[in-house]
1. For Q72, indicate whether it is at pLDDT 95 or above and in the same structural domain as L53 (by TED's automatic domain parsing).
2. Quick one: V51 ticks every box in (1) outside the structural domain of V18 (by TED's automatic domain parsing); (2) in contact with a helix residue (DSSP H, G or I) (Cβ under 8 Å, 6 or more places away or on another chain) bar one, so which box is it?
3. For the stretch 130-159, name all the residues that are free of Cβ contacts under 8 Å to residues at least 60 places away in the same chain and either in contact with a Phe, Trp or Tyr (Cβ under 7 Å, 6 or more places away or on another chain) or of a type in the set (D, E, K, R) (or both).
4. Return the total of residues in the stretch 80-97 being without any contact (Cβ under 8 Å) to a residue 12 or more places away in the chain and either under 14 Å from A150 (Cα atoms) or among the small types (G, A, S) (or both).
5. Sort out which residues of the stretch 110-142 are of a type outside the set (G, A, S), in a helix (DSSP H, G or I) and either over 23 Å from G40 (Cα atoms) or touching a helix residue (DSSP H, G or I) at 6+ places or on another chain (Cβ under 6 Å) (or both), and write them in order of number.
6. Among the residues of the stretch 85-103, is any farther than 26 Å from E43 by Cα, touching a strand residue (DSSP E or B) at 6+ places or on another chain (Cβ under 9 Å) and not β-branched (V, I, T)?
7. Just to be sure before I move on: is L98 among the hydrophobic types (A, V, I, L, M, F, W, C), under 15 Å from the mean Cα position of the chain (by Cα) and outside any loop (DSSP other than H, G, I, E, B) in the structure I sent?
8. Tell me, yes or no, whether the stretch 33-41 has at least one residue that is free of Cβ contacts under 8 Å to residues at least 24 places away in the same chain, hydroxyl-bearing (S, T, Y) and part of a loop (DSSP other than H, G, I, E, B).
Amino acid sequence: MKTSLKLTVNDEAREFLVEPYSSLLDALRDELHLTGTKKGCDEGDCGACTVLLDGKPVPSCLVLAHGAHDGQVTTIEGLAGPEGLHPVQQAFVTYGGLQCGFCTPGLVMSAVGMLQQNPKPTEDDVKYAIGGNLCRCTGYTKVIESIMAAAQELRNANR
């Protein structure tokens, strides 16, 4: 039997019904129709479903929806603003950090979460932050380059 779940998703208070066994991933995709978060392995191994939960990157397939009750969730749909793409999204476009695009939302969300905690990452910091994200199209060089460029852009914007 579905029960009520309250979340703030992409800065909007939401209340909806979900099954007690539903993952946060399934709730976002099936109930809120936010399909930018991708369902890859559904076992927490690929990172395609990464979202920010209370500011931290998490594989949403491993979080029970009700475990996020009253939480703040940011999905890939919540990053861009009226002024355009988030700097990490723009850097992925500019520097070629995406290929087929399936893993891109998870990589972007992992990068955004890391940059919120560490605005001056080293390449090793970036590699560690995206260590849970699998991409079958690239060797990660352009992904790392994109994230490093976004970090610089964010630092420049905060001056």
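The values are calculated or read from the model by the stated rules, or taken from the named source; none is laboratory data. Please read all numbers here as calculations on a predicted model, not as lab measurements. No Cβ is skipped: glycine too gets one built from the backbone with ideal geometry, and neighbour counts run over all protein chains shown.
1. yes
2. If we test V51 against (1) outside the structural domain of V18 (by TED's automatic domain parsing); (2) in contact with a helix residue (DSSP H, G or I) (Cβ under 8 Å, 6 or more places away or on another chain), just (1) comes out false.
3. First, the residues of the stretch 130-159 that are free of Cβ contacts under 8 Å to residues at least 60 places away in the same chain: 131, 135-149, 151-152, 155-156, 158-159.
The answer is R136, K142, E145, S146, A149, R155, R159.
4. Taking the stretch 80-97 and keeping what is without any contact (Cβ under 8 Å) to a residue 12 or more places away in the chain, we get 80-85, 93.
Restricting the remaining residues to those that are either under 14 Å from A150 (Cα atoms) or among the small types (G, A, S) (or both) gives 80-81, 84-85, 93.
Residues meeting the conditions: 5.
5. Looking only at the stretch 110-142, we keep the residues that are of a type outside the set (G, A, S), and these are 112, 114-128, 130, 133-138, 140-142.
Those still in the list that are in a helix (DSSP H, G or I) too: 112, 114-117, 123-128, 141-142.
Result: V112, M114, L115, Q116, Q117, E123, D124, D125, V126.
6. yes
7. Numbers: among the hydrophobic types (A, V, I, L, M, F, W, C): yes; under 15 Å from the mean Cα position of the chain (by Cα): yes; outside any loop (DSSP other than H, G, I, E, B): no.
The answer is no for L98.
8. Scanning the stretch 33-41 turns up at least one residue that is free of Cβ contacts under 8 Å to residues at least 24 places away in the same chain, hydroxyl-bearing (S, T, Y) and part of a loop (DSSP other than H, G, I, E, B).
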